[in-house]
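Below is one structure, written out as structure tokens; the observations come after it.
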Amino acid sequence: MKKIWHLARSYPVVIGFIALVTVLSILSDRFLTVSNFLNVLRQVSIQAIIAFGMTIVIISGGIDLSVGSVFAFSAVVLASLLKQIGSIPLAILLSLGIGIMLGAFNGLLIAKAKLQPFIVTLATMAIARSFTLLYTNGMPITGFSRTFTFIGRGEIASIPIPVLIMFGVFFLTWYLLSQTKLGLYAYAIGGNEEAVRLSGVNVDRYKISFYVISGLYSAISGIILTARLNSAQPIFGQGYELDAIAAVVLGGASLTGGKGTVLGTLFGALIMGIINNGLNLLNVSPFYQQAVKGSIILAAVLLEREK
């Protein structure tokens, strides 16, 4: 019994994932199938990519509440450019540029003006959402070429493209956090920013980089969802910041910074996706689903405090 408790405390997100899969496999004969798992992965891919960027920001001791609005603004700019100029590569590059620009805006205000990340990104969330509604006049932009929608609907070797992109971004984030100075300083800044600054590291430059990555990942997710739905909606991304934070916390990261892994975030996002999928298969009311997800997040935070 002690070994089981030790494992649960050491790898809570993995144990939670296995427990959920086991329980839902017993409760629903439609859960444990290849097609359902691919469906879960496809659904999870968009939030997971945003959560990977959020992981870097939270490890560094910050937070990014603007990811949902950056996601939406990048998506509608992409959709508009596809309609106006028709060049898919150029539209995608400019959409990614919007994400990078908004991320840099957050980072500059936080690093140079010394403003609180919560306040800055909350303001950017409102500003970007407002620009999105003004840009589209509140209307969706629809109807793109099959070449573009292949990004969101296509498959390679029976694996959906969004899932392949998600794992590509996962490995990129893992590399950044574990093999580069950017990852090393993200943990160090999250642990003790002043000590890192006194050691001669350009903390401001790295803090700006963390938010640029978060903005870039939000734009990537916006491109994928636009291609999948063949439409860009001005209401895209509402509540995505909470899902991303939940996935990072479930994955074992500390909201005070200095701790977390992208692998934990991947499992956290998978748990969120499996909960949604399982509760839908069991025909549980959406009103109860929010309560279940909130309870699981609370349990994860309490378990993290006990470690």
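The values are calculated or read from the model by the stated rules, or taken from the named source; none is laboratory data. Quick caveat: nothing in here was measured; it's all calculated off a predicted structure. In this analysis, Cβ positions are derived from the backbone assuming ideal geometry, glycine residues included, and neighbour counts consider all displayed protein chains. Each accessible area value is taken on the protein alone, full model and side chains, heavy atoms only, with ligands, DNA and RNA left out. Shrake-Rupley method; radii C 1.70, N 1.55, O 1.52, S 1.80 Å.
Residues that are more than 14 Å from Leu250 (Cα to Cα) and surrounded by 18 or more Cβ atoms within 10 Å (Cβ to Cβ) within the range 11-22 are absent altogether.
Residue-wise test of (1) in contact with a Lys or Arg (Cβ under 8 Å, 6 or more places away or on another chain); (2) in a helix (DSSP H, G or I); (3) without any contact (Cβ under 8 Å) to a residue 24 or more places away in the chain; (4) within 26 Å of Trp174 (Cβ to Cβ).
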| residue | (1), (2), (3), (4) |
| --- | --- |
| Ile224 | no, yes, no, yes |
| Arg228 | yes, yes, no, yes |
| Val292 | no, yes, yes, no |
| Ile296 | no, yes, no, yes |
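Scanning the range 23-50 for residues that are surrounded by fewer than 16 Cβ atoms within 10 Å (Cβ to Cβ), over 29 Å from Phe71 (Cβ atoms) and of a type in the set (Ser, Thr, Tyr) returns Ser25, Thr33. Tell me, please, whether a residue that is within 19 Å of the chain's Cα centre (by Cα) and at negative phi can be found in the range 144-158. Looking for residues that are within 19 Å of the chain's Cα centre (by Cα) and at negative phi, one finds at least one in the range 144-158, hence yes.
Taking the range 125-157 as the search range and keeping residues that are outside any helix (DSSP H, G or I) and without any contact (Cβ under 8 Å) to a residue 40 or more places away in the chain, which one is most open to solvent (accessible area, probe 1.4 Å)? The selected residue is Asn137. The condition (being β-branched (Val, Ile, Thr), open to solvent by 10 Å² or more (accessible area, probe 1.4 Å), within 15 Å of Pro117 (Cβ to Cβ) and under 13 Å from the mean Cα position of the chain (by Cα)) is satisfied by just one residue among Ile213, Ile208: Ile213. Of all residues in the range 185-201, those satisfying the criterion of being open to solvent by 40 Å² or more (accessible area, probe 1.4 Å) and either at pLDDT below 95 or in contact with a Phe, Trp or Tyr (Cβ under 6 Å, 6 or more places away or on another chain) (or both) are Tyr185, Gly191, Asn192, Glu193, Glu194, Ala195, Arg197, Leu198, Ser199, Gly200.
Rundown of residues vs (1) outside any helix (DSSP H, G or I); (2) of a type in the set (Lys, Arg), yes/no style:
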{"site": "Met166", "(1), (2)": "no, no"}
{"site": "Arg197", "(1), (2)": "no, yes"}
{"site": "Gly237", "(1), (2)": "yes, no"}
{"site": "Ala246", "(1), (2)": "no, no"}
{"site": "Ile271", "(1), (2)": "no, no"}
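Residues considered: Ser285, Ser254. Of these, the only one that is open to solvent by 10 Å² or more (accessible area, probe 1.4 Å), among the polar types (S, T, N, Q) and either within 20 Å of Gly191 (Cα to Cα) or modelled with pLDDT of 90 or more (or both) is Ser254. The sole residue among Gly222, Gly268, Gly260 that is at pLDDT 95 or above and within 21 Å of Ser66 (Cβ to Cβ) is Gly222. Would you mind stating whether Leu279 is touching a residue at least 12 places away in the same chain (Cβ under 8 Å), open to solvent by less than 20 Å² (accessible area, probe 1.4 Å) and within 21 Å of Phe17 (Cβ to Cβ)? No, not satisfied. Against the test of being part of a helix (DSSP H, G or I) and under 18 Å from the mean Cα position of the chain (by Cα), the options Leu242, Leu255 yield a single qualifying residue, Leu242. Summed over the range 230-244, the residues that are in contact with an Asp or Glu (Cβ under 9 Å, 6 or more places away or on another chain) and either closer than 19 Å to Trp174 by Cα or of a type in the set (Ser, Thr, Tyr) (or both) give a count of 1.
Looking across the range 158-177, just one residue is open to solvent by less than 60 Å² (accessible area, probe 1.4 Å) and small (Gly, Ala, Ser), and that is Gly168. Identification of helices (runs of 4 or more DSSP H) wholly contained in the range 34-112 with 2 or more residues that are under 12 Å from the mean Cα position of the chain (by Cα) yields 34-59, 67-84.
Just a yes or no: is a residue in the range 48-60 of a type outside the set (Lys, Arg) and modelled with pLDDT under 95? No, the range 48-60 has no match at all. In summary, Ala232 fulfils each of the numbered conditions (1) under 17 Å from Val76 (Cβ atoms); (2) free of Cβ contacts under 8 Å to residues at least 40 places away in the same chain with the single exception of condition (2).
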